[in-house]
Amino acid sequence: MALGLNSTLEFREGNKKLPPCPVVYLAHTEGVLQVYYFVHKTLPTICRKAELIKPNPVSSSSTSKIDSLLECRKKEISKAICSIST
């Protein structure tokens, strides 16, 4: 189940235009996706346009920490494999 607040679809009821409304997505056990729109005629909209998320730059110190952790992990795995095979 997911709640979508970035709908941009406007509804029409006769000549009246209704603002975008929240959407609930439900995944069924058989692989069916059900979509429900919550339309309320008197409340203000809580929806907004989707925003671009900018990735945070990774600092060189955190990259070197990750590399050293991976190297240690590789050594541990190699030792474990060697002890199993002997």
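The values are calculated or read from the model by the stated rules, or taken from the named source; none is laboratory data. Please read these numbers as outputs of a predicted model, since none were measured by experiment. Because the Cβ atoms are built from the backbone with ideal geometry, glycine has one as well, and the counts that use them run over all protein chains shown.
Side notes on the structure shown:
Conditions tested, residue by residue: (1) of a type in the set (Phe, Trp, Tyr); (2) loosely packed, with under 10 Cβ neighbours inside 10 Å; (3) at pLDDT 80 or above; (4) not in a loop (DSSP other than H, G, I, E, B).
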site: 3; (1), (2), (3), (4): no, yes, yes, yes
site: 36; (1), (2), (3), (4): yes, no, yes, yes
site: 47; (1), (2), (3), (4): no, no, no, no
site: 57; (1), (2), (3), (4): no, yes, no, no
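- For the residues 41, 65, 17, 74, the requirement of being modelled with pLDDT under 75, more than 26 Å from the chain's Cα centre (by Cα) and among the basic types (Lys, Arg) singles out 41.
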